[in-house]
Structure formats: C-alpha cells, structure tokens
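J.: Just dropping this structure here.
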Amino acid sequence: MEEKVKFQFFSSLLTFFICVYGAYTEPLNSETLILRNHNLPNPPTLSWPESTTSGSDPEPDPSTISVHLHHIDALSLNKTPSQLFHLRLQRDGARVKALFSLASLNQTRTTTSGSGFSSSVISGLAQGSGEYFTRLGVGTPPMYVYMVLDTGSDVVWLQCKPCAKCYSQTDEIFDPSKSSSFAGVPCSSPLCRRLDSPGCSRKSSNCQYQVSYGDGSFTFGDFSIETLTFRRAQVQRVALGCGHDNEGLFVGAAGLLGLGRGGLSFPTQAGARFNNKFSYCLTDRTASSKPSSIVFGDSAVSRTARFTPIINNPKLDTFYYLELLGISVGGAPVRGISASLFRIDSTGNGGVIIDSGTSVTRLTRPAYVALRDAFRVGASHLKRAPEFSLFDTCYDLSGLPEVKVPTVVLHFRGADVSLPAANYLIPVDNSGRFCFAFAGTMSGLSIIGNIQQQGFRVVFDLAGSRVGFAPRGCA
C-alpha cells in the first residue's frame, strides 16, 4: 500500500513539473511567429561606415575583412513597399529561370557569340544577378562604388570609362586612367587564358572579357588587374572586368563581385590571404535593426556553425552544391521527401545549391508538394487566404499578435537547419496575408534562397570544402 502511495505521489509530481515546464517552453513540433507588423517592410536606408576613414580608426587586420551589406531595394528610389515586393519576386523569377537554364545547359557552358567571345559565366538575368550589395573602393586612390555580391557568379566586373554604352548607376563611373594601380592583362598571360573564351584587343594586345546573361544583357571590356579597398583594407592585384559596353536591365550598382567557386571569383583569387574562408549573415529587416554583413578570413567561421560538405558537380564549378537528405515538418520527417530527389545525375543536372541571389527557396516539384501538404496539415488551425504570385499556400493572420506554426527543419548531411518561423511564413501585402515561402519547380535543380537563410551566419569554408549554418549569427 505504501509503495502504491509513493508511486502516485511521484507520478503526480512528475506530471506537475511537465505541465509547468511545458508552459514555459515551445513544443518541439511548433514555432511561434510573432506578428510585430502585419505590413511589408519600408524601403531600407543607406549608411556606409565602410567608405569613411577616420584617422582614429584602428589599423585593419590584414587577414580579415568585414563590411556591411544592404538589400538591393535601397537603390530603388520612390517605390512603395508593395512595389518593391513585386519587383523582388520578378527579379527572383528571372534569376531562377537563368540558373535553371545554366544548369540544364552545363554540357555546353560556353556559348560563342558572333564576335568570337563566349560567356565566362552565365549568372541570373542581369536584373536578377544579386539581391545584396556593398560599398567598396576601386583603384588608387580608391573610388567608392556599390557592388552586388553574388554566390552564383565568378567574374568580378564594373563599368568603366570611356563608355561605348553604360547603364545608369548611382555613383560616377570608374575611370581607370585616374588609378595608379590599374593594369591591363596581356593576351599572352596565363590569367587571360583562365577566362572560358578570352578575346584580344588588336589595338593594345590586352585581354578582353565578356559576361553574358540569359536575357541578352551583357558586359564587355578589358580584363584587368586592380586594387579593391574594403573599408581601409586593401586587396591588391584582383583580376576584374573593366566594362566599356554594358547593356541590359542592370540595377544601379556599378558592377558585380563574384563569390562563386570558380577560379576567377573573389574568394578564390583572395583565398591565400583569407585562408579560403568567408561568411555572410542576412538580416530580416522586418524584425532586426542589425545590418547584414559579409566577413572574409578566419573570423568568418562561427563556433556555433554546423557544417555540411560541399558536393562537387564536375559539369558546373560555379555553384555551391549541398547534400539535402530530407525535410521535417512539425517534428516528423515528411513522407515522400528523400535524398534521391536532390541528387546530381550523371549529366550534372539536379542537386541542391545555396544561393545568395535567389530569394524564395525552390524545390523540385515532388519534394515541394510533399512539404506543402505536410505544412498545410500542421497549420490547419489557421485561416486560409487566396494564393499570391508564386505562393499557393497563404493565410489571413490579420489582427493576430502571434500564431503557432509547425516547425520546418532542413536535414543536410551533418547539419540539421531549424528555420525560424519568419523564414518560411512571410507577409506579402499590407492586409495581414502571410504565405508559405517555398515554391515548386519542374527543374531538377533545387535552390536554397536567402529568405530561408535570414538570421543564420552562412559560412563558406572552401579550404575544408564545407558550408556551415550558425543560427542567430548576425550579432
């Protein structure tokens, strides 16, 4: 009898502690989405400590660079939040279409044009070539300009005087004749031969480059050597394109800083100095006042990062391919999603890439449908709303201070990435409509976009051939 009383006592005590603990913790199968603001974010404002050099600043560590990033919306003036969001989705569709085109045509990556050139890289459409930019100095003395950063491109380039044709940019166009560190690359140089199909100027015997984009936009000019300055840290002898003919739907930045895996990307060129490491953290500007940032060097590696190996695609060396094994919703693996849906086939098609320039994560259609259906079941208590643009799963959250939604976890080999609710349920208008921020695609290629990356420090350890994710990494 005494044993029975003891058992009942301890059983009641255990139940009490479980109830108390449960009241103060989140269930493992749900996340709370705090609805601070039911509206789309206002346009960001620009502030650039990078381009100011105070005499009292400490001398920069030559082995590390850290600079702020801004979303490209900041260069789109006189636009409403709704207009900016629609433009972002348009850019995203253009970007994804071109990435799919490149992936499907990887057996014939170089496409010769009538002038004898071929593109050294085909990135997204010009207007979709990147979503984040920074400010850096070009030349000696440095002239500060905006440059888009893009993990899906390799070549570094910017507009240069004299212009045969240049698009409108925010800053004055760079004049190489005013830089003491500018130098052309001879046609006979091994560096020139690293372009997929270089050209040669008969007039100067200097190397020429061309980068083409999926919509017919392109940049063409002299392949050159120049010094780049990040805040006060100089990186000398960077091979870049000095574009004299730049045609197409380009954003207002001066050019592009390629962050891909190819031999001419900035991380590869500066690899020895920065130990082949860089990382970025993209903030959700609806919920954080902290700036987005990118870091090059050993300090780019977060101690809390969980790493997954970079997968090599011998047909396409620009992208960062990762091995996605599955996805969980509400604490349970989604049935119908397996690693076989995300493998690279023998022709180089398929696979999963992580990309800074794509906003919305795209999953091959069978995986997306399974994920969407699992989320709908877990979110059945929420009021449904009409579809919006590419989003087919939306909810009316107007008037609610917060909601519980099922968790979403991406299972990479060696790294489980648990997404905050704000990374997959996002506002799409100013009336309280929120949509599930994934989309399906008939292409075999899946893309992890920057909405899902927000708040994580995403670490690219090229020396270790791995990518890491550190949650709450933007501090």
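J.: Using the structure shown, decide if residue 101 is modelled with pLDDT under 80, assigned to a helix (DSSP H, G or I) and open to solvent by 10 Å² or more (accessible area, probe 1.4 Å).
T.: Yes; evaluated as a whole, the condition is true for this residue.
J.: Additional query: Take residue 280 and tell me if it is surrounded by 17 or more Cβ atoms within 10 Å (Cβ to Cβ), free of Cβ contacts under 8 Å to residues at least 60 places away in the same chain and not hydrophobic (A, V, I, L, M, F, W, C).
T.: Answer is no for this residue.
J.: Of all residues in region 304-318, how many are within 30 Å of residue 196 (Cα to Cα) and open to solvent by 40 Å² or more (accessible area, probe 1.4 Å)?
T.: Result for region 304-318: 6.
J.: Among 345, 317, 298, 373, which is more than 18 Å from residue 418 (Cα to Cα) and within 19 Å of the chain's Cα centre (by Cα)?
T.: Details: 345 fails: within 19 Å of the chain's Cα centre (by Cα); 298 fails: within 19 Å of the chain's Cα centre (by Cα); 373 fails: within 19 Å of the chain's Cα centre (by Cα).
Exactly one residue qualifies, and that residue is 317.
J.: Next question. Give the number of residues within region 383-419 that are open to solvent by 20 Å² or more (accessible area, probe 1.4 Å) and of a type outside the set (Gly, Ala, Ser).
T.: So the answer is 16.
J.: Of a type outside the set (Asp, Glu) and closer than 19 Å to residue 264 by Cβ: is that true of residue 207 in this structure?
T.: Taking the combined requirement at face value, the residue satisfies it.
J.: Test residue 443 against the criterion of being at pLDDT below 95 and either in a strand (DSSP E or B) or open to solvent by 10 Å² or more (accessible area, probe 1.4 Å) (or both), and give yes or no.
T.: Judged against the criteria, residue 443 is a match.
J.: What pairs come up if the first residue lies in region 79-95 and is surrounded by fewer than 19 Cβ atoms within 10 Å (Cβ to Cβ), the second is outside any helix (DSSP H, G or I) and aliphatic (A, V, I, L, M), and their beta carbons are under 7 Å apart, counting only those six or more places apart or on different chains?
T.: 81/40; 82/40; 89/390
J.: Okay, moving on. I'd like to verify a number: residues in region 342-392 that are part of a loop (DSSP other than H, G, I, E, B) and of a type in the set (Gly, Ala, Ser), how many?
T.: Residues flagged as part of a loop (DSSP other than H, G, I, E, B) and of a type in the set (Gly, Ala, Ser) within region 342-392 amount to 9.
J.: While we're on this one: Among the residues of region 417-436, are any closer than 19 Å to residue 358 by Cα, among the hydroxyl-bearing types (Ser, Thr, Tyr) and not in a loop (DSSP other than H, G, I, E, B)?
T.: Checked region 417-436: no residue is closer than 19 Å to residue 358 by Cα, among the hydroxyl-bearing types (Ser, Thr, Tyr) and not in a loop (DSSP other than H, G, I, E, B).
J.: Scan region 455-473 for residues that are on the phi < 0 side of the Ramachandran plot, in a loop (DSSP other than H, G, I, E, B) and open to solvent by 20 Å² or more (accessible area, probe 1.4 Å) and report the count.
T.: Looking only at that region, the number is 4.
J.: Of these, 380, 340, 359, which one is among the polar types (S, T, N, Q), more than 16 Å from residue 443 (Cα to Cα) and modelled with pLDDT of 95 or more?
T.: The conditions single out 380.
J.: Considering only region 319-330, I want to know if a residue exists there that is modelled with pLDDT under 95 and crowded, with 19+ Cβ neighbours inside 10 Å.
T.: yes
The values are calculated or read from the model by the stated rules, or taken from the named source; none is laboratory data. As the structure is a prediction and not an experimental result, all values here were calculated from the model. Reconstructed Cβ throughout: ideal geometry from the backbone, glycine too, with neighbour counts over all protein chains shown. Keep in mind that these areas ignore ligands, DNA and RNA; they rest on the heavy atoms of the full protein, side chains included. Shrake-Rupley method; radii C 1.70, N 1.55, O 1.52, S 1.80 Å.
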